[in-house]
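The values are calculated or read from the model by the stated rules, or taken from the named source; none is laboratory data. Quantities reported herein were computed from a predicted structural model and do not represent experimental measurements. When we count neighbours, we look across all protein chains shown, and the Cβ atoms used for this are built from the backbone with ideal geometry, even at glycine.
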Amino acid sequence: MPARTPEELDALFQQAINSGDVEAALALYEPGAVFANAQGELRSGLDSIRREMAPFAASKADIKLTVTKVIQAGDIALVYDDWTMTTPAPMSGRSVVVARRQADGSWRFLIDDPFTIGA
């Protein structure tokens with residue numbers, strides 16, 4: 001199911017990862033999206049992002065995302081959120097995401113930095 005709003009991306013991502021469906025999570029990203037991992041390394045493209053997310057999806061990580069702010073300019077949105085994860089290891093943080101509206105009106109992640117600020 002595609003996201004109809006930038007905020008809905010987080011809800012769909014949470015649902016996909018918590019259910020162990022890495023492919024559903026990846027469907028929320030543009031093909032050339034960039035993901036910053038916990039070490040600050042940038043991963044570009046769906047195959048690289050899949051390798052980063054697969055362990056979390058396989059463990060059916062219990063992740064909770066809470067959108068705290070959205071700034072939108074036309075077809076681009078900057079989304080801030082707080083997140084917690086209890087499995088496989090307790091973690092929390094704040095993320096910043098750039099999302100872009102697609103030609104069909106849905107939204108996808110373009111840049112995802114989930115480890116912007118440790119909480």
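Computed values, structure above
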| read-out | value |
| --- | --- |
| Residue selected from segment 1-12 under the condition at pLDDT 95 or above and either assigned to a loop (DSSP other than H, G, I, E, B) or not charged (D, E, K, R) (or both), by the criterion surrounded by the most Cβ atoms within 10 Å (Cβ to Cβ) | LEU9 |
| Of all residues making up segment 17-46, the number that are over 20 Å from VAL96 (Cβ atoms), modelled with pLDDT under 95 and not acidic (Asp, Glu) | 4 |
| Where a residue in segment 4-29 is among the basic types (Lys, Arg) and its partner, wherever it lies, is part of a loop (DSSP other than H, G, I, E, B), with Cβ under 7 Å and at least six apart | ARG4/SER106 |
| So THR84, is it among the hydroxyl-bearing types (Ser, Thr, Tyr) and at pLDDT 95 or above | no |
| Selection count, segment 38-86, where residues are among the basic types (Lys, Arg), closer than 16 Å to LEU12 by Cα and part of a strand (DSSP E or B) | 1 |
| Any chance GLU41 is free of Cβ contacts under 8 Å to residues at least 24 places away in the same chain and among the charged types (D, E, K, R) | yes |
| Lone qualifier among ALA103, ALA77, ALA58, ALA89 - being exposed (fewer than 13 other Cβ atoms within 10 Å of the Cβ) and modelled with pLDDT of 95 or more | ALA103 |
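Quick grid of which residues meet (1) under 20 Å from MET1 (Cβ atoms); (2) within 13 Å of the chain's Cα centre (by Cα); (3) of a type in the set (D, E, K, R):
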site	(1), (2), (3)
PRO31	yes, no, no
PHE35	no, yes, no
ALA38	no, no, no
ASP62	no, no, yes
MET91	no, no, no
SER95	no, yes, no
GLY105	yes, no, no
